[in-house]
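Notes follow the structure.
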Amino acid sequence: VLEAGLGLGVASKIILSSPQVEKLFKIESNPSVIASYDRNDPRHVVINSKFEYFISSYNPLVEGLRFDFIFIDTYYYCDEDLYPELLEVVHKSKELLKPNGKLLVWLDELIPEEDKRKFLEMNIGLGL
């Protein structure tokens, strides 16, 4: 499993609650967030990088790893100017999925309706 952003770690805890998850690779660039994450689960691997840089430089043929599931928290992208960047991130993330892998882009239900509509118009398969 690949997850963009550590945040409060809620999504990580939910993902790691499944015994089917062998590894959770978490991409996070904020040093204070990285310092505060729970290191008690050896399946939880945190990589210090911006997600955009990671997916741009990650080559699954070289690395030998594709993902069953990728979770992207859109908090960073809740700005109309960043929508094209989000689209690029989603398309590059899809390239890292295994056949039949799933990509979930989470959208905070509290963002303005206009922004929700714009996200949905991008037709990238959002989970609300």
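The values are calculated or read from the model by the stated rules, or taken from the named source; none is laboratory data. Only a predicted model underlies this, so the values are computations on that prediction, with no experimental measurement involved. Heads up, the Cβs are rebuilt from the backbone with ideal geometry, glycines too, and the neighbour counts pull from every protein chain shown. Surface accessibility is based on the protein's heavy atoms, side chains included, excluding ligands, DNA and RNA. Shrake-Rupley method; radii C 1.70, N 1.55, O 1.52, S 1.80 Å.
Here are some notes:
- Residues located in segment 36-58, provided they are of a type in the set (S, T, N, Q), loosely packed, with under 13 Cβ neighbours inside 10 Å and in a loop (DSSP other than H, G, I, E, B): N40
- Complete set of residues in segment 1-35 that are in a loop (DSSP other than H, G, I, E, B), without any contact (Cβ under 8 Å) to a residue 40 or more places away in the chain, closer than 24 Å to L86 by Cβ and out of contact with any Leu (no Cβ under 8 Å at 6 or more places or on another chain): L8, G9, S29
- Filtered residues of segment 5-24 (kept if within 20 Å of S49 (Cα to Cα), open to solvent by 20 Å² or more (accessible area, probe 1.4 Å) and at pLDDT below 90): G5, G7, L8, V10, A11
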